[in-house]
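Enquirer: Sharing a structure here in structure tokens format.
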Amino acid sequence: MKKVIYSVVLTILVLYILLFPGPAVKAASFGLTLWYKRLLPTLLPFSILSYIFVASGLLNSAAALLHGGLKYLLPISPAGIYPLAAGFLFGFPLGSRITAQMVEQDALDYREGNRIFIVANNISPVFISGFTLQTSLGRPDLFAPTLAILYLPPILYFILQTRLSKKRQAPPVPTSKKAAPGFQMNFKIIDAGIMSGFETLTKLGGYIMLFAIFSEMVGGLSFLGELPRCLLSGLIEITNGTASLAASSLSFGGKYVLILACTAFGGLSGVAQTASMTREAGFSMGSYVKTKLLFGLVSALLAMAFAKLFL
């Protein structure tokens, strides 16, 4: 079934590029420009440094210090603090990529990593404040409530899931504890970090370009009507979807609710990027998609309540 779906989607994409080269090239250019000007300079240094931190062992001592204060607020191991924080601060797909990297290197337990990678993939505060609120909606004053609407559902979900998992989990069998790797730094680690960073960001650019073309294709389906067309665009790729919804004839409250719903979900582009970044770790993408849809629904309800009360 998957092969049939992939074949149909790729065939439609190729036909669209051949039949409508102008809009396709425009969309590809938009996606690559977004990647080159905004994501590459922002995420590449952090991606390289993240690999070096994990591979060198430098992260272990820093995480232990942070865990001393955070363990009373979040039920998380010292190793889990870094990927969780990175996912909220720097946005997807780095949250999931760092989580997968730590699981692959045995720096993080698989079960905890499988929970973290779902909630650590969020839109960064910079994107929310800059593109979503300032550029698209013209309401930078809504930053604090918007951040709460988008971030509270995954944080509460993580706390609940972790506590339930601990209750269901059988008592651990005593084993010899593996010592954490000591600190080491050399050019081999730095070189590997640079190559890993470029590989990650190159994949990211490819997915952004392809889904920008899909979003442009959906935008041309005038028979769907304005609302379904804009919403579908947002569910495919949030950058184009946010711009389309913001330019629509909906009321401001309606735009705000739908944009936050699509942002919380992350779009099919975000799903594809996450699947690519975490493939080797073997995380459950089915659980990821279901949970992100839940986050989208909860954020939409919270945004709706906020809009009715304050907008």
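A short reminder: the numbers here are calculations on the coordinates, not readings from a lab. Keep in mind that what you see is a predicted model, and the values were worked out from it rather than measured. Here the Cβ is made from the backbone with ideal geometry for all residues, glycine too, and neighbour counts use every protein chain on show.
Enquirer: Given the options 299, 50, 251, state which has the largest fluctuation in a GNM of the chain using a 10 Å cut-off (strictly under) for Cα springs.
Expert: Comparing 299, 50, 251 in a Gaussian network model of the chain, the most mobile one is 251.
Enquirer: Amide H to amide H under 5 Å from residue 123: which residues, 5+ apart in sequence or cross-chain, H placed 1.01 Å off N in plane?
Expert: Counting only residues 5 or more places away or on other chains, the set is 92.
Enquirer: So what are the ³J(HN,Hα) numbers for segment 149-155, from phi and the Karplus equation (6.51, -1.76, 1.60; θ = phi - 60°), rounded to whole Hz, Gly and Pro as x?
Expert: 4, 7, 9, 5, x, x, 5
Enquirer: Hey, another quick one. Summing -39500 (n - 2.57) over the DSSP H runs of n ≥ 4 in the chain and dividing by its residue number, what mean residue ellipticity at 222 nm do you reach, to the nearest 500 deg cm²/dmol?
Expert: Working: 14 runs with 227 residues, N = 311.
Rounded to the nearest 500, it is -24500 deg cm²/dmol.
Enquirer: Rounded, prolate or oblate, given the Cα gyration tensor of the chain, with a/c below 1.5 counting as rounded?
Expert: Here the chain falls in the prolate category.
Enquirer: Let me ask you something else. May I ask for the net charge around residue 251, where only other residues with Cβ less than 15 Å from the Cβ of residue 251 are counted and Lys, Arg are +1 while Asp, Glu are -1? Mind dumping the intermediate values first?
Expert: On the way: positive: 139, 255, 308; negative: 226.
That works out to +2.
Enquirer: Let me ask another. For helix 110-119, report the angle its Cα long axis makes with the longest principal axis of the Cα atoms of the chain; keep it between 0 and 90° and round to the nearest 10°.
Expert: That helix lies at roughly 30 degrees to the long axis.
Enquirer: Between residue 310 and residue 279, what is the FRET efficiency for a Förster distance of 45 Å, r being their Cβ-Cβ separation, to the nearest 0.05?
Expert: Values: r = 42 Å, r/R0 = 0.94.
Efficiency computed from Cβ-Cβ geometry: 0.60.
Enquirer: Calculate how steeply helix 187-219 sits against the longest principal axis of the alpha-carbon atoms of the chain, using the helix alpha-carbon long axis, and give the answer as 0 to 90 degrees to the nearest 10.
Expert: Once rounded, one gets 20 degrees.
Enquirer: Moving to a separate point now. Taking the chain as a Gaussian network, Cα atoms linked when under 10 Å apart, which of 288, 51, 16 shows the biggest mean-square fluctuation?
Expert: In the Gaussian network model the winner is 16.
Enquirer: Next up: Among 74, 204, 108, whose mean-square fluctuation peaks in a Gaussian network model of the chain (Cα, cutoff 10 Å)?
Expert: 74
Enquirer: Using only Cα atoms, tell me the angle between helix 226-236 and the longest principal axis of the chain; keep it within 0 to 90° and round to the nearest 10.
Expert: Result, in degrees: 30.
Enquirer: Please tell me which of these pairs span more than 29 angstrom C-alpha to C-alpha: 26/203; 26/188; 3/255; 2/290?
Expert: Working: 26/203 20 Å; 26/188 40 Å; 3/255 36 Å; 2/290 18 Å.
From the list (26/203; 26/188; 3/255; 2/290), the Cα-Cα distance tops 29 Å for 26/188; 3/255.
Enquirer: Once you place label points 7 Å from the Cα toward the Cβ at residue 192 and residue 148, how far apart are they in nm?
Expert: A separation of 4.4 nm, rounded to one decimal place.
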